[in-house]
């Protein structure tokens, strides 16, 4: 959390004061613009001083200097909440490979399962599904129609079939048209009640 405070010239603190040429007083140097801070108040974040207008998100340059604004740091980046979650948050674990799926990555969903795009494939033959392809879900395993018909139909009994229309970056909650950008439009269906 950033704090609005009066300048502190404690030399033991991790600040970078400089001497003002006009008044011979010590003045803090802003870490954003590298200019002296002559304002009545300054922001102190991560042990460094900032002008109110200079403390910005590294990614989107949203101002973080307002009193009460939240900021997040990681890997020497100062980030707003949205960009922090986009870069370092996650969607959960892939149902196929069990690895974490970053929040910014496109995913495939089938019932309660989430998959990396490259992991959304038949677990027997490796066929990667496209929008509109028919797939089968059995014991949380995704199967193509051919493998279901040849290998699984007689072993496990009947299972549910779904149309693959859930290629979304978030959760599709309603039936209807979804625009995936770049000219890709496709149908979405809520499979949670199926």
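Readers should treat all values here as calculations from the given coordinates under stated rules, not as data from a laboratory. A quick note: this is a predicted structure, and the numbers were derived from the prediction, not measured. Please note: Cβ atoms are built from the backbone with ideal geometry, for glycine as well, and neighbour counts cover all protein chains shown.
Data table
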| read-out | value |
| --- | --- |
| Förster-model FRET efficiency, 25 Å R0, residue 139 and residue 93, C-beta, rounded to 0.05 | 0.90 |
| Cα-Cα separations in region 70-148 greater than 17 Å, expressed as whole percent | 52 |
| Projected label distance in nm at residue 150 and residue 111, using a 7 Å step from Cα toward the beta-carbon | 2.4 |
| Area projected by the alpha carbon convex hull of region 42-110, averaged over all directions, nm² | 5.8 |
| Cα→Cβ-extended label distance, 7 Å offset, between residue 38 and residue 131, nm | 5.7 |
